[in-house]
Amino acid sequence: PRRCPSASSSPCAGGYFETAGGVFSPLSETATNFDLARTLGAARWLLVAPDRLGVLHDATSTLRAMAALGRSPDLLLLSAPAVPDASTGSNAGELRRLGLTMPILELGRDQPQALLALLDAPVVTAAE
């Protein structure tokens, strides 16, 4: 997939959607971000969480809730917070020690090129 140009008539193989709030933040009285993402079918899901204190609980509880509803993200991205704390930089390893098997990437603060490279990377499935 590639990013769709904002003002172009050329066809686009895919696009990216970013939602506001958390996975279960409401979009309406009856729908959440999770519901919206699920309608995208085989789309690649990226869960972003801050690389700071509290992320071990937040990420594992969100991932368990998503799995219980039948769809987990393909990747967890830990984003460096504006103000690092004692856990910043060590949370990915802690999540792996807690048994998280999905890919976990860490993204430094203000590194848009790294994020764009990630979004342009080919999708790799378990069958490949």
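Every read-out reported here was derived from the displayed coordinates using simple, explicitly stated rules and does not represent laboratory data. Since this is a predicted model, take the numbers as computed values, not measurements. Because the Cβ atoms are built from the backbone with ideal geometry, glycine has one as well, and the counts that use them run over all protein chains shown.
Convert each backbone phi in segment 75-92 into a coupling constant with the Karplus relation 6.51 cos²θ - 1.76 cosθ + 1.60 (shift: θ = phi - 60°), then list the ³J(HN,Hα) values in order as whole Hz, x for Gly and Pro.
7, 10, 10, 9, 9, 4, x, 4, 10, x, 10, 5, 8, 4, x, 10, 5, 4
With label points built 7 Å along Cα→Cβ from the Cα atoms of Arg97 and Asp85, find their separation and express it in nm.
With each label placed 7 Å out from Cα toward Cβ, I get 1.7 nm.
So who's got an amide H within less than 5 Å of the one on Ser79, skipping anything under 5 residues away but keeping other chains? H placed 1.01 Å off N, in plane.
Ala49, Asp51, Leu107
What net charge do the residues around Gly70 carry, taking every other residue with its C-beta under 13 Å from that of Gly70, with Lys and Arg at +1 and Asp and Glu at -1?
Charge balance in the 13 Å sphere: +2.
Just to compare against my own numbers: the Cα pair-distance distribution for segment 27-128, 5 Å bins, whole % per bin, please.
Histogramming segment 27-128 at 5 Å steps yields 2, 11, 20, 23, 20, 16, 7, 1 percent.
Amide H neighbours of Thr32 under 5 Å, at least 5 residues apart or on other chains, H built in the peptide plane: list them.
Residues meeting the criterion, in which the H sits 1.01 Å from N, are Leu27.
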